[in-house]
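The values are calculated or read from the model by the stated rules, or taken from the named source; none is laboratory data. Model, not experiment: these values are computed from the prediction. Virtual Cβ from ideal backbone geometry, glycine too; neighbours counted across all protein chains shown. SASA here: full protein model, heavy atoms, side chains in, ligands and nucleic acids out. Shrake-Rupley method; radii C 1.70, N 1.55, O 1.52, S 1.80 Å.
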Amino acid sequence: MSAAGHPPGAGIVAVAEGRLPGQAGRRRRADRGEHPLTAALLLSPAVVLVVLLLLAPVAYAVLIGFTNIQLVGPNAVNYRFTGLGNLWQMLRDREVPKSLVLTAIFVIGSGTVGATVAALALALACRRASDRIANAVTSLTIVASILPPVTTALVWRASTSLDGTLSFLAGDGTELIVHWPMTVISLANAWSSLGVAMVMFGAALRNLPADIYEAAAIEGASARQAFLRLTLPLLLPTIASVALLMTILSFGNVTLVWLLTGGGPAGATNILPVYAYQVGFRFYQLGYGAFLGNAMILMVLALVLLIAAAMALGRRRRSVAA
Amino acid sequence: MSAVPAAGALQAGRSRVAFDAALVAVLAVLAAPLLWLVLAAFDASAGVQLKAPSPTLDNFVRALAPGPLRGLLNSLLLATVATVLATVAAFPAAYVLARRPVPLKELALVLVLFLSGVPITVLILPIYDVFAKLQLLSLLPAAVVLAVLNIPFELYMMKTAIEAIPRDLEDAARVERARTATVLARVVIPLALPSILAAAIYGFINAWGNFLVPLILITDTASQPGPIVIYGFMGSVQVDYGAIAAYSILYSLPIVLFFLFCSSMFRAGYILGGGIRG
C-alpha cells in the first residue's frame, strides 16, 4: 500500500506512532524498540510457567498454612480456615525449638562459617601453590558441587558407615553416621558447597590490585602484614557475599540431609526443611507443614535482604576506595 | 601470577612446595569419598571400605539391567525436556528484560536468589496436592516443574549476557527493516550463544540431579529416573555396593563430562552462580 492510498495527514500520525511512512502498520522506527505486543509474546511462555508453577504454588502454600488441611484423612477435603491456629501448634510443638537449633548449627556451622572459611583458606593456598595442584583442587571442589545429590549422599553414607573411609580415619570401629550425624551432614554440606565459594574467591583474589602489594613490599611489610592489612580488608565484601550465599544454599540443601539421614537417627538431624516435609508427607498435616514453610520463606527473605544489603555496601566501599 | 608476592625468590619457592604438600593432603581427604566410588564400582566384593578391588565388570552389567537402565533413560528424557523448555522460555524473556529500559537488575537478582533459596519442600507440598487432584503425577508434568525451577536463574544468566551485547548491532539490523524475530535469530542468538549454552548446561545439571521432585511427583515406577533407582537400592536390607557404585558412576557421568568439556565455563563462574557478584 502506498502513501498515496492513505487519507491526508495519516502520514504524520503514522510517524508520531512510531511507524515509518509508506509501510504497512507493522514496522516501527529503529529507536522505538519492539512493539509491546511482541514483547508480551516473547515474555509470555516464561511468565505463564513461572506464575502457574512457581508463584501460584507458593501463594497456595502460604494460604493453606492458615488452614487445617490434611493430605489424607478427615480434613483432606473438608478443611477450614483456622487463622493462626498453626502458629499455636508450632509454639507448642516440642520438635520445633530443637529443629531450629539444629538448623542454626547446620546452616551457620557448615555454611556461613565452615564452607566460607574453608574455601577462603583453600583459595589463598591455591594462589601460593603450583598451578597444576591448584587446578586439581579447584576442579575437585567444582565437581563435588555439581555432582547429583544422590551420588553425594551415597558416597558420604558409605564413607561414614561402619568401616567406611572417614569413619576409619576417625578411629577404628567408629560409625560416624550413627553417632555423629550432625557432623556428617555438616561435612557433606560443606564438601558440596566449596566449589561455588572457591570460584568466587578465586575471581576476587585475581582482581586484587598488584600495585598496593608492591608498595607494601617496598615499605618492608612482611607477607603476614600484607595479608592482614591488605588482602583481608579488600576481600571483606566478597567474604560477606560468599558467607551469605553459603547460608542460603545450606538452608535449602534439604535433599542431601534427607538422603543421608532422613532427619534421624531419632530426629538428631531434623533441620527445619526436613521436619516440615515430614509433617506434611509423613504425618499428613499439610496445613501445619505449610505454615512451617511460611516461616522458612520469611527466614530466606531476611537472609536475601541481608545479602543485597551486604553487596550494596560492598559496592559503596569499592567506589569510595577507587 | 600471584598478587601476594613473598619476600624473596627462594622463600617463594620453598613456600610453594609447602603449600603444594598441604594441598595434596587436602586433595586426598576431599577426594576420598569419590575414590571409594570408583574403586567399589570395579570391585567384585565391594563394601563400604576403601580397598583394592578384585577387578570385575560385573557390577556394570548388573547396573545396566533393564530396570535400572530404564531409570537412566527416564533421567535423559526428564532432563532434556526440562532443559529445552526452560531455555526456550527463558531466552526471549531475557531478551525483553535486557532491552527494556525498566531498571530490573537489582530486583531480578534478589528475586532469583530468593527463589533458589526457598527449600524445595516448601513448594513441593502444594504442587503435589494440585497435581494429585488433576491426575498429573507422571514424568512430563514433573519435567515442566523442573523447567520452572530453572527458569529464574537461566533468565538471569542470559539477561546479563544480552545486556553486554552492544545495541548498535541490533539497531543496525532494525534500520535494515529487520523484524524482531530476524534480529533475534541473526544477531542476538549467535552473539549470546555461549551464555545460552551455559544456561542450558546449568538447567540440565539441575534437572538431572533433582531428587525430590521426581520422587514425589512421579508415582509410576516404570517412569522413575536414576536418582530414585539409586535411592531404592540404598534402602535395601543388603546393599549391593558394587552395583550401586557402578550405577552411580554411569548416572553421574554426564555431569562429569559436562565439566570436562566446558571447564572454562565452570571456572569463570557462569554456571555455578558467578552472576551473583556485587
Taking first residues from segment A:58-74 that are over 13 Å from B:Tyr128 (Cβ atoms) and second residues anywhere that are among the basic types (Lys, Arg) and assigned to a loop (DSSP other than H, G, I, E, B), the pairs with Cβ under 8 Å that are 6 or more apart or on different chains are A:Thr67/A:Arg80; A:Asn68/A:Arg80
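Surrounded by fewer than 20 Cβ atoms within 10 Å (Cβ to Cβ) and of a type outside the set (Phe, Trp, Tyr) - does that describe any residue in segment A:184-192?
yes
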Going through segment B:197-209 in order, the residues found to be in contact with a helix residue (DSSP H, G or I) (Cβ under 6 Å, 6 or more places away or on another chain) and open to solvent by 20 Å² or more (accessible area, probe 1.4 Å) are B:Ala200, B:Phe204, B:Asn206
Exactly one of A:Leu249, A:Leu306 is more than 9 Å from every other protein chain (Cβ to nearest Cβ), in contact (Cβ under 8 Å) with a residue 60 or more places away in the chain and open to solvent by 60 Å² or more (accessible area, probe 1.4 Å), and that residue is A:Leu306
All-but-one check, A:Ala276 against (1) of a type in the set (A, V, I, L, M, F, W, C); (2) within 7 Å of chain B (Cβ to nearest Cβ); (3) open to solvent by 10 Å² or more (accessible area, probe 1.4 Å), failing number (3)
*asked:* Would you confirm whether or not segment A:151-167 contains a residue that is within 26 Å of A:Gly267 (Cβ to Cβ), among the polar types (S, T, N, Q), touching a Gly at 6+ places or on another chain (Cβ under 8 Å) and touching a residue at least 60 places away in the same chain (Cβ under 8 Å)?
replied: no
Checked segment B:25-41 for anything in contact with a Phe, Trp or Tyr (Cβ under 8 Å, 6 or more places away or on another chain) and touching a residue at least 12 places away in the same chain (Cβ under 8 Å); matches are B:Ala40, B:Ala41
If we keep only residues of segment B:28-85 that are basic (Lys, Arg) and more than 25 Å from A:Gly171 (Cβ to Cβ), then the residue modelled with the lowest pLDDT is B:Arg62
Restricting attention to segment A:116-140, the residues that are of a type outside the set (Gly, Ala, Ser), crowded, with 18+ Cβ neighbours inside 10 Å and more than 14 Å from B:Ala22 (Cα to Cα) number exactly 4
*Could we say that B:Ser116 is polar (S, T, N, Q) and open to solvent by less than 60 Å² (accessible area, probe 1.4 Å) here?*
no
Within segment A:57-76, the residues that are within 22 Å of B:Ser116 (Cα to Cα) and within 8 Å of chain B (Cβ to nearest Cβ) are A:Pro57, A:Val58, A:Tyr60, A:Ala61, A:Ile64
Going through segment A:179-200 in order, the residues found to be within 13 Å of chain B (Cβ to nearest Cβ) and of a type in the set (A, V, I, L, M) are A:Val184, A:Leu187, A:Ala188, A:Ala190, A:Leu194, A:Val196, A:Ala197, A:Met198, A:Val199, A:Met200
Flag if A:Ala216 is open to solvent by less than 50 Å² (accessible area, probe 1.4 Å), in a loop (DSSP other than H, G, I, E, B) and modelled with pLDDT under 90: no
Among helices (runs of 4 or more DSSP H) entirely within segment B:8-113, at least 3 residues that are more than 23 Å from B:Leu253 (Cβ to Cβ) and within 11 Å of chain A (Cβ to nearest Cβ) occur in B:9-41, B:66-99
Of the candidates A:Ser159, A:Ser139, the one satisfying the condition of being more than 24 Å from the chain's Cα centre (by Cα) and at the interface with another protein chain (Cβ under 9 Å from one of its Cβ atoms) is A:Ser159
B:Arg70 fails exactly one of (1) within 23 Å of the chain's Cα centre (by Cα); (2) open to solvent by less than 30 Å² (accessible area, probe 1.4 Å), namely (2)
The correct count of residues that are open to solvent by less than 40 Å² (accessible area, probe 1.4 Å), among the small types (Gly, Ala, Ser) and within 12 Å of chain A (Cβ to nearest Cβ) in segment B:135-182 is 5
ask   = Within the bounds of segment A:81-104, is there any residue that is open to solvent by 20 Å² or more (accessible area, probe 1.4 Å), touching a residue at least 40 places away in the same chain (Cβ under 8 Å), closer than 30 Å to B:Ser264 by Cα and more than 7 Å from chain B (Cβ to nearest Cβ)?
value = no
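For segment A:141-163, which residues satisfy the criterion of being among the β-branched types (Val, Ile, Thr) and open to solvent by less than 20 Å² (accessible area, probe 1.4 Å)?
A:Thr141, A:Ile142, A:Ile146, A:Val150, A:Thr151, A:Thr152, A:Val155, A:Thr160
Here is a yes/no grid of residues against (1) part of a helix (DSSP H, G or I); (2) among the charged types (D, E, K, R); (3) out of contact with any Leu (no Cβ under 7 Å at 6 or more places or on another chain); (4) over 26 Å from B:Leu123 (Cβ atoms):
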| position | (1), (2), (3), (4) |
| --- | --- |
| A:Ser250 | yes, no, yes, no |
| A:Val274 | yes, no, yes, no |
| A:Leu292 | yes, no, no, no |
| A:Val300 | yes, no, yes, no |
| A:Leu313 | yes, no, yes, yes |
